[in-house]
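This report concerns only the one structure given below.
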Protein chains: 2
Amino acid sequence: MSGEMQKIVLASRPVGAPVDENFRLETAPMPTPEEGEVLIKVHYMSLDPYMRGRMDDAKSYAAPVPVGGTMEGSGVGEVVATNSDKFAVGDMALGMFGWASHALAKANELRKLDKTMPVTPALGVLGMPGFTGWYGLNKLGRPKAGETLVVAAATGPVGSMVGQLAKLAGLRVIGIAGGPEKCRIATETFGFDACLDHRAYEDARSLRKDLADLCPDGVDIYFENVGGKVLEAVWPLLNTFARVPVCGMISWYNAGALGGNATSDGLTGPGLWRSILVKQMSVNGYIISNHFDLLPEFLGDVLPKVLSGEVKYLEDVAEGLENAPRAFMEMLGGGNTGKQIVKLI
Amino acid sequence: MSGEMQKIVLASRPVGAPVDENFRLETAPMPTPEEGEVLIKVHYMSLDPYMRGRMDDAKSYAAPVPVGGTMEGSGVGEVVATNSDKFAVGDMALGMFGWASHALAKANELRKLDKTMPVTPALGVLGMPGFTGWYGLNKLGRPKAGETLVVAAATGPVGSMVGQLAKLAGLRVIGIAGGPEKCRIATETFGFDACLDHRAYEDARSLRKDLADLCPDGVDIYFENVGGKVLEAVWPLLNTFARVPVCGMISWYNAGALGGNATSDGLTGPGLWRSILVKQMSVNGYIISNHFDLLPEFLGDVLPKVLSGEVKYLEDVAEGLENAPRAFMEMLGGGNTGKQIVKLI
């Protein structure tokens, strides 16, 4: 393959919310696959909140992206050159291609996709975000019919999966989302019992008041994917034996390694521990990449529900690699409604 | 039965650490068992940290003792009058008899004890504290050979059970206790690999330094039974996938419903949640009274180990009901070495 490829690199580390200057579009010579590799032309790339963490030079569960390095991320694309007998030119594959127009990939690190099906769900409802929601809800949340669940980012790919599966399991589901339009989608499209617009509340206390009205029997599962004001609002409403799967804290991602200036009224030291003890809570952090052994179980459960329409999904599509940074920054601010992807073809 | 009985009532609610004036010794007419009841002459009563919580008028997992009410607690005693065909005079039983020389009890709420065996273990190593350690370690701690466990109050009935069972399971076990004598007992009697005297450290940071030296591979299970300085010291040493069973926080019990002035450097809001997420921790509060369905499994596992001497236990025996408040107050300050009981006969 001759010609050039494009990629977005980390130009500098952000302080707080990322800005344009933290990203740079570069071109590079088109690479050639070595033995066992294929060259991918990326069709769609995924934008996910966890990528914000990779931009920091902090100790975390994965190494940071080096300054000057290509932003990491998964995508779906077409094999355009192959040096592996596992893939033919024209095959579609899912892999970690980064924010780039093309990528070299080891054949044994790719998942081949069915070309007769839409490929973008592999990045969302049937990919890492959907799997994150499914795992956290079922393996850590242990839902029981009649219970009440609260989940934020309700229309996003994780929150909408959690809420829909919980509804199918017979729970009362209250969503929290940013703006009246997302709340409408949470109830009308995704079937949540109710959804509160966190932007309409000045502080955690006022949000808690309305949430308490919507949860007359308290909250049994709080699926933690945002942190901040929502966590503060929900915490005192948790019932005895409450379960709190923790998969993310997007509201704190721009707060400097989750530290410092973020406040957390009622969630400090002894008070928090007292709740965990007295209410016999189960608080479990998890990172989905450590649970890929359960991917077949997830797909076996959820794929039929997606095909039947029982589980719906929404995608927000930005166009063009050069617009990926802007779409990413907007997503961190809650600008997206569904799964944020970038179309590169 | 004629005559009088003695009991210790809650004279007033403590502010901070309990003092003599919070307790009062009273006499009452000897009661007579109604249908289905027995009258117990208490031989030994148990003193446990959870009783401090019952003295507060705070929302908790159990109703507070009313002012003027008899202090609650379990004990072992002899049936001296019976109005039930389940118990004969002379039988020994375990039950919630309170801080009292005698108690009426419903026959179906008692556990009959084998008179040919020592009865005090039913209050400690084979009772609620031992069961608390066993449940938390096995069901929430999920120990694996080669891992490292840290437990405080190492010579107490919970900590010594946790440590000994963990050693039998092939873990490296580091204890923390108050004073050099308890540390000696933790290693020599209970077989811990090492034990640190928390009183020898000015703050969590200095304790953490020595603990880190003793845990070169980090800490996989922190069995939380004290809170405060020990929790602060251990927290940053926890490994990815660490498990934290939470059964008590005795160091905070006198701090006003665990709130207020207790500090917790590094354990506030976002930082703590970041740890839970990034390290994929499992933090589980539990109260053993909700798990009595597993008591047979516990006894089936541990009773043979106690009989064989694989699991050892220590008891601290105070003499006389009138000395129960003093023994209780000393226990909250760490004055006991093993399981604290009061001998009433």
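We did not get these values from a lab; they are worked out from the coordinates using the rules stated. A quick note: this is a predicted structure, and the numbers were derived from the prediction, not measured. Note that we place each Cβ from the backbone using ideal geometry, even for glycine, and neighbour counts take in every protein chain shown.
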Inter-part gap, Cα centre of region A:76-150 to Cα centre of region B:114-173, in whole angstrom, is 44
Contour minus Cα-Cα span, residue A:106 to residue A:19, at 0.36 nm per residue, comes to 28.1 nm
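How would you rank A:148, B:187, B:155, going from fewest to most other Cβ atoms within 10 Å of each one's own Cβ?
B:187, A:148, B:155
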Restricting to lysines and to Cα separations under 24 Å from residue A:112, and discarding same-chain partners fewer than 8 apart, the set is A:7, A:41, A:86, A:305, A:312, A:339, A:343
Rounded to the nearest 10 degrees, the helix B:295-308 long axis (Cα) sits at an angle to the longest Cα principal axis of chain B of 80
Expected max-MSF residue from B:272, B:295, B:321 in the GNM of chain B (alpha carbon, under 10 Å) is B:272
If one builds a Gaussian network model of chain B from Cα atoms under 10 Å apart, the most fluctuating residue listed among B:238, B:207, B:168 is B:168
Between the residues B:32, B:169, A:66, the Cα farthest towards the positive end of the dipole of the protein assembly as shown, that dipole coming from +1 and -1 charges on the beta-carbon of Lys, Arg, Asp and Glu, is from B:169
Scoring region A:128-289 by relative contact order with C-alpha pairs under 8 Å, at least six apart, yields a percentage of 22
For chain B, any Cys whose C-beta has no other cysteine C-beta under 4.7 angstrom counts as unpaired, and these are B:215, B:247
Taking Lys and Arg as +1 and Asp and Glu as -1, residues besides residue A:239 with C-beta under 12 Å from its C-beta add up to 0
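With the contact rule set at Cα under 8 Å and sequence spacing of 6 or more, what percent relative contact order holds for chain B?
Details: 738 pairs, mean separation 58.4, N = 345.
Here the relative contact order equals 17 percent.
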Taking every residue of A:282-291, the Cβ atoms of other protein chains inside 10 Å of its Cβ average out to 5
Hydrodynamic radius by Kirkwood for region B:128-289, inverse mean 1/r across distinct Cα pairs, in Å, is 15.4
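What FRET efficiency comes out for the pair residue B:28/residue B:116, r = Cβ-Cβ distance, R0 = 25 Å, nearest 0.05?
Numbers: r = 33 Å, r/R0 = 1.32.
Computed FRET efficiency for residue B:28 and residue B:116 comes out at 0.15.
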Among the Cα-Cα pairs of the protein assembly as shown, the proportion with separation greater than 33 Å, in percent, is 55
The simple spin-label model distance between residue A:96 and residue A:293, using points 7 Å out along Cα→Cβ, in nm, is 2.0
Quick shape summary for region B:117-194, equivalent ellipsoid via Cα gyration tensor, semi-axes whole Å in descending order, reads 19, 17, 10
at residue A:210 the sorted inter-copy label distances (label 7 Å from Cα on Cβ side), in nanometres, are 5.4
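To the nearest 20 debye, what charge dipole does region A:128-289 have about its Cα centre, counting +1 at the Cβ of each Lys and Arg and -1 at the Cβ of each Asp and Glu?
On the way: 15 positive and 14 negative charges, 79 e Å.
Magnitude of the dipole: close to 380 debye.
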GNM on chain B, Cα springs under 10 Å; top mean-square fluctuation among B:235, B:273, B:134 goes to B:273
Here the net charge surrounding residue B:220, from other residues whose Cβ is less than 13 Å away from its Cβ (Lys, Arg +1; Asp, Glu -1), is +3
For B:92, A:249, ascending order of other Cβ atoms within 10 Å (fewest first) is B:92, A:249
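Once every DSSP H run of n ≥ 4 in chain A is given -39500 (n - 2.57) and the sum is divided by its residues, what mean residue ellipticity at 222 nm do you get, rounded to the nearest 500 deg cm²/dmol? Could you put the intermediate results ahead of the total?
Details: 9 runs with 85 residues, N = 345.
Calculated at 222 nm, the ellipticity per residue is -7000 deg cm²/dmol.
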For the protein assembly as shown, the dipole about the Cα centre with charges only on Cβ (Lys and Arg +1, Asp and Glu -1), to the nearest 20 debye, works out at 140
Among B:331, B:16, B:212, the residue whose Cα sits farthest towards the positive end of the charge dipole of chain B, when +1 is placed on the Cβ of each Lys and Arg and -1 on the Cβ of each Asp and Glu, is B:212
As a Kirkwood estimate from alpha-carbon pairs, region A:4-103 has a hydrodynamic radius in angstrom of 14.4
Taking Cα atoms only, helix A:204-214 is inclined relative to the longest principal axis of chain A by an angle, in degrees rounded to 10, of 80
Taking the label point 7 Å from Cα along the Cα-Cβ vector, the copy-to-copy distances for residue A:188, listed from shortest in nm with one decimal, are 7.7
If one compares the long axis through the Cα atoms of helix A:157-168 with the longest principal axis of the Cα atoms of chain A, the angle in degrees, nearest 10, works out at 50
Compactness check, chain B: C-alpha Rg relative to the 2.2 N^0.38 Å globular estimate gives 1.01
